[in-house]
Amino acid sequence: MKNNLLTILAIFIFAALILTACGGSSEPTYSAEDVAAGGVIFAATCSACHGPDAKGLPNLGKDLTTSEYIRDNDDEDLLQLLIGGRPSGHELNTTGVDMPPRGGNPSLSDDDLRTVVAYMRSINQ
């Protein structure tokens, strides 16, 4: 009985080690190309309110480098925020300024916005 218990325990430990070694984390990874592409779009579109360093501009865009919203929400939530924007009257809008859908650039595709999400993740601490 004791040997069976040790065998079962050894199997669980081995499985945990395998999952850890294989990247059992559910956090997505982003390619360098996606992060770079998102940075270009950010510089051309988002930096007007969030600043070139993404630290925000007074009375315009929030600091994205320390944003709890970015940390606390998944990629799909962030994508939906970028697609739909956030009106000034929204309960989570603390600046009182509209965030326009697609950052005010309707030509940005959902895939373009996904690269912006990758960039936002890369700069968020």
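Where a number appears in this text, it was derived from the coordinates with a stated rule and is not lab data. All values reported here derive from a predicted model rather than from experimental measurement. Here Cβ is always computed from backbone atoms with ideal geometry, including for glycine, and neighbour counts include all displayed protein chains.
Only counting other Cβ atoms within 10 Å, I'd like 67, 88 sorted with the fewest neighbours first.
88, 67
Using a Förster distance of 35 Å, how high is the FRET efficiency between residue 90 and residue 40, based on the Cβ-Cβ distance and rounded to 0.05?
Plugging the Cβ-Cβ distance into 1/(1 + (r/R0)^6) gives 0.80.
Please pull out the direction-averaged projected area of the stretch 32-123, using the convex hull of its alpha-carbon atoms, in nm² to one decimal place.
5.2 nm²
State, to one decimal in nm, how far the label point of residue 53 lies from the label point of residue 68, with both points 7 Å from Cα in the Cβ direction.
2.3 nm
Could you list which residues have their amide H under 5 Å from that of residue 86, counting only those 5 or more apart in sequence or on another chain, with H placed in the peptide plane?
Result for residue 86 returns 99.
Pulled fully out, how much extra length does the chain show between residue 124 and residue 107, if you take 0.36 nm times their separation in residues and subtract their Cα-Cα distance?
3.6 nm
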